[in-house]
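Engineer: First, the structure itself, so that you have it in front of you.
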Amino acid sequence: MTALEKATGDVVLKFEPFVLHVLCRELQDAQLLHSVAIDSGFRNSGITVGRGGKIVMAVRSTHCLEVPLSHNGKLMVSEEYIEFLIHLANQKMEEN
(Lines give C-alpha, C1' and ligand atoms only; values in the text may rest on other atoms or scores of the structure.)
Protein backbone atom coordinates (compact mmCIF):
# COMPACT_ATOMS: atom_id res chain seq x y z
CA MET A 1 0.00 0.00 0.00
CA THR A 2 2.90 2.35 0.73
CA ALA A 3 4.28 1.87 -2.77
CA LEU A 4 0.83 2.48 -4.29
CA GLU A 5 0.41 5.70 -2.33
CA LYS A 6 3.75 6.96 -3.69
CA ALA A 7 3.03 5.99 -7.31
CA THR A 8 2.70 8.86 -9.78
CA GLY A 9 1.67 6.88 -12.85
CA ASP A 10 -0.48 3.88 -13.60
CA VAL A 11 -0.12 0.72 -11.49
CA VAL A 12 -1.42 -2.66 -12.63
CA LEU A 13 -1.52 -5.94 -10.70
CA LYS A 14 -0.60 -8.62 -13.21
CA PHE A 15 -0.38 -12.38 -12.81
CA GLU A 16 0.88 -14.36 -15.78
CA PRO A 17 0.21 -18.09 -15.93
CA PHE A 18 2.47 -21.10 -16.29
CA VAL A 19 4.17 -21.58 -19.68
CA LEU A 20 6.25 -24.61 -20.66
CA HIS A 21 8.02 -24.73 -24.03
CA VAL A 22 8.91 -28.20 -25.31
CA LEU A 23 11.12 -28.75 -28.36
CA CYS A 24 9.72 -31.77 -30.24
CA ARG A 25 11.53 -33.99 -32.78
CA GLU A 26 8.42 -34.84 -34.78
CA LEU A 27 5.14 -33.04 -35.44
CA GLN A 28 3.28 -36.13 -34.22
CA ASP A 29 5.02 -35.79 -30.83
CA ALA A 30 3.92 -32.16 -30.59
CA GLN A 31 0.36 -33.09 -31.57
CA LEU A 32 0.21 -35.79 -28.89
CA LEU A 33 1.55 -33.43 -26.25
CA HIS A 34 -0.90 -30.75 -27.40
CA SER A 35 -3.83 -33.15 -26.98
CA VAL A 36 -2.66 -34.09 -23.48
CA ALA A 37 -2.21 -30.41 -22.53
CA ILE A 38 -5.68 -29.43 -23.78
CA ASP A 39 -7.29 -32.42 -22.04
CA SER A 40 -5.49 -31.41 -18.82
CA GLY A 41 -7.00 -27.93 -18.88
CA PHE A 42 -4.18 -25.94 -20.49
CA ARG A 43 -6.50 -24.32 -23.04
CA ASN A 44 -4.05 -21.74 -24.44
CA SER A 45 -1.54 -24.36 -25.60
CA GLY A 46 -0.27 -24.46 -29.15
CA ILE A 47 2.29 -25.69 -31.67
CA THR A 48 4.74 -23.51 -33.59
CA VAL A 49 6.86 -24.65 -36.51
CA GLY A 50 9.78 -22.35 -37.27
CA ARG A 51 11.37 -21.62 -40.64
CA GLY A 52 14.18 -24.07 -39.92
CA GLY A 53 11.67 -26.81 -39.11
CA LYS A 54 12.02 -26.46 -35.33
CA ILE A 55 8.81 -27.71 -33.70
CA VAL A 56 7.91 -26.15 -30.37
CA MET A 57 4.90 -27.11 -28.29
CA ALA A 58 3.87 -24.47 -25.74
CA VAL A 59 1.80 -25.60 -22.75
CA ARG A 60 -0.05 -22.53 -21.47
CA SER A 61 -2.57 -22.08 -18.68
CA THR A 62 -5.54 -19.70 -18.79
CA HIS A 63 -5.05 -18.50 -15.21
CA CYS A 64 -4.19 -14.88 -15.98
CA LEU A 65 -5.13 -11.75 -14.09
CA GLU A 66 -4.52 -8.10 -15.00
CA VAL A 67 -6.21 -5.37 -12.97
CA PRO A 68 -5.48 -1.62 -12.94
CA LEU A 69 -5.04 -0.28 -9.40
CA SER A 70 -4.16 3.37 -9.95
CA HIS A 71 -4.32 5.92 -12.77
CA ASN A 72 -2.08 8.98 -12.95
CA GLY A 73 -1.12 8.43 -9.32
CA LYS A 74 -4.71 8.20 -8.06
CA LEU A 75 -5.64 4.93 -6.33
CA MET A 76 -8.77 3.61 -8.06
CA VAL A 77 -9.64 0.73 -5.70
CA SER A 78 -9.89 0.10 -1.96
CA GLU A 79 -7.28 -1.61 0.19
CA GLU A 80 -9.86 -4.35 0.84
CA TYR A 81 -10.16 -4.97 -2.93
CA ILE A 82 -6.36 -5.14 -3.29
CA GLU A 83 -6.24 -7.77 -0.52
CA PHE A 84 -8.95 -9.71 -2.38
CA LEU A 85 -6.91 -9.52 -5.63
CA ILE A 86 -3.77 -10.74 -3.89
CA HIS A 87 -5.71 -13.69 -2.47
CA LEU A 88 -7.10 -14.43 -5.95
CA ALA A 89 -3.63 -14.20 -7.56
CA ASN A 90 -2.25 -16.58 -4.92
CA GLN A 91 -5.06 -19.04 -5.66
CA LYS A 92 -4.17 -18.87 -9.36
CA MET A 93 -0.54 -19.57 -8.48
CA GLU A 94 -1.64 -22.66 -6.55
CA GLU A 95 -3.69 -23.84 -9.55
CA ASN A 96 -0.67 -23.34 -11.80
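The values are calculated or read from the model by the stated rules, or taken from the named source; none is laboratory data. Everything numeric in this text was worked out from a predicted model, so none of it was measured. Note: ideal-geometry Cβ built from the backbone for every residue, glycine included; neighbour counts use all protein chains shown. Just the protein is used for accessible areas: all its heavy atoms, side chains included, with ligands, DNA and RNA removed. Shrake-Rupley method; radii C 1.70, N 1.55, O 1.52, S 1.80 Å.
Engineer: Taking the Cα centre of the chain as origin, work out the dipole magnitude from +1 charges on Lys and Arg Cβ and -1 charges on Asp and Glu Cβ, in debye rounded to 20. Numbers along the way, then the final one.
Structural biologist: Details: 9 positive and 12 negative charges, 106 e Å.
Charge dipole, the chain, about its Cα centre: 500 debye, nearest 20.
Engineer: Mind listing the phi-derived Karplus ³J(HN,Hα) values for the stretch 51-62, rounded to whole Hz, using 6.51, -1.76 and 1.60 with θ = phi - 60°, and x for any glycine or proline?
Structural biologist: Here the 3J(HN,Hα) series is 4, x, x, 5, 10, 10, 9, 10, 9, 10, 8, 9 Hz.
Engineer: Please report, in cubic angstrom per residue, the volume enclosed by the convex hull of the alpha-carbon atoms of the chain.
Structural biologist: On the way: hull volume 11.2 nm³, N = 96.
Value for the chain: 116 Å³ per residue.
Engineer: Can you find, among Asn44, Thr8, His63, the residue farthest towards the positive end of the dipole of the chain? Put +1 on the C-beta of Lys and Arg, -1 on that of Asp and Glu.
Structural biologist: Comparing the listed Cα positions along the dipole, Asn44 ranks first.
Engineer: Please go through the stretch 1-86 and write out the GluC sites (Glu not before Pro) that DSSP classes as loop and that have at most 10 other C-beta atoms within 10 Å.
Structural biologist: Glu26
Engineer: Rolling a 1.4 angstrom probe over the protein chains, ignoring ligands and nucleic acids, what is the accessible area of His34 in square angstrom, nearest 10?
Structural biologist: Using a 1.4 Å probe on the heavy atoms, I get roughly 50 Å².
Engineer: On to the next question. With a 1.4 Å probe and all protein chains left in place, how much accessible area per residue does the stretch 11-95 have, in Å²? Show your work: numbers first, answer last.
Structural biologist: Numbers: 6090 Å² over 85 residues.
Accessible area per residue, the stretch 11-95: 72 Å².
Engineer: What's the extension gain from Val22 to Val56 if we count 0.36 nm per residue and subtract their Cα-Cα distance? Present the calculation step by step, with values, prior to reporting the outcome.
Structural biologist: Working: separation 34, 0.36 × 34 = 12.24 nm, distance 0.56 nm.
Result: 11.7 nm gained on full extension.
Engineer: Now a separate question. Hand me the trypsin sites (Lys or Arg not before Pro) from the stretch 1-55 located in a DSSP loop with no more than 14 other Cβ atoms within 10 Å, in residue order please. Could you put the intermediate results ahead of the total?
Structural biologist: Values: sites: Lys6, Lys14, Arg25, Arg43, Arg51, Lys54; in loops: Arg25, Arg43, Arg51, Lys54.
Passing both the DSSP loop test and the Cβ count: Arg25, Arg43, Arg51, Lys54.
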